[in-house]
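K.L.:
Take a look at the following structure, please.
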């Protein structure tokens, strides 16, 4: 019971960050909870808060989204997600943990060191969509990759955040269905979801309004460092 209470508390905090800025919920959650749960269990569990976060965030931001653009991104990302799910099912737990730590650390290094805006060729944008899909299927994480693509494509926090949610929602439904076919939902994971879901949906509904009140520049800098530190700590888990 204590582990479930800790899980719920951490998830409320980390996905408040995600619904505010469009990324970092799962990346922050994984290292914080890896002392109580194994990495694969947390990645499978994360599909629920990710769907909730994207769904609630999109209810108020959908007016910013053009479906044609999202469908274009999903055409390559969906294929990448299927590859990632296949790799997730095959990867041994120890290897999976090292790959996950490497992915989070690399994302943190990029977010800390990269300039605020890059220029993408259309081919580069499609490549990032595909890599984001693979990363989402394999690690349950694609925020740093996709946010890089969106920041280079759209102007303004509201627009970038809206397209992030529009991208993550269908991609996480692909993950959720894929986990059914691979038998990834264990009784323990179902218990984790059922226990935390009521608290999470209530917290996210109110946290969705925070993004208009937060100093985004400073907070993103803090989140970037937390991602980097979190990835490094997984190497020593």
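K.L.:
Pull out the extension gain between residue 110 and residue 232, defined as 0.36 nm times the separation in residues minus the alpha carbon to alpha carbon distance; nm, one decimal.
P.N.:
Going from the current span to full extension adds 42.5 nm.
K.L.:
Which length gain, in nm to one decimal place, applies between residue 188 and residue 2 when the Cα-Cα distance is subtracted from 0.36 nm times their residue separation?
P.N.:
65.6 nm
K.L.:
Between segment 127-202 and segment 34-69, what is the separation of their alpha carbon centroids in Å?
P.N.:
4
K.L.:
If I take every Cα pair under 8 Å that is 6 or more residues apart in segment 2-235, average their sequence separation and divide by the length, what percent do I get for the relative contact order?
P.N.:
This gives 39 percent for segment 2-235.
K.L.:
Can you tell me the length gained on complete extension of the stretch residue 177 to residue 127, counting 0.36 nm per residue apart and subtracting the Cα distance?
P.N.:
Values: separation 50, 0.36 × 50 = 18.00 nm, distance 2.39 nm.
Additional length available on full extension: 15.6 nm.
K.L.:
How would you classify the chain from its alpha-carbon gyration tensor, with a ≥ b ≥ c the square roots of the eigenvalues: rounded for a/c under 1.5, else prolate if a/b is greater than b/c, otherwise oblate?
P.N.:
Numbers: a/c = 1.33, a/b = 1.21, b/c = 1.09.
It comes out rounded by the Cα gyration axes.
K.L.:
Between rounded, prolate and oblate, where does segment 127-206 land on the alpha carbon gyration tensor, with a ≥ b ≥ c its root eigenvalues, rounded for a/c under 1.5, else prolate if a/b exceeds b/c?
P.N.:
Working: a/c = 3.20, a/b = 1.43, b/c = 2.24.
Oblate is the answer for segment 127-206, as a/c is 1.5 or above yet b/c matches or exceeds a/b.
Throughout, read-outs are computed from the coordinates displayed, never taken from laboratory work. This is a predicted model, so every value here is computed, not measured.
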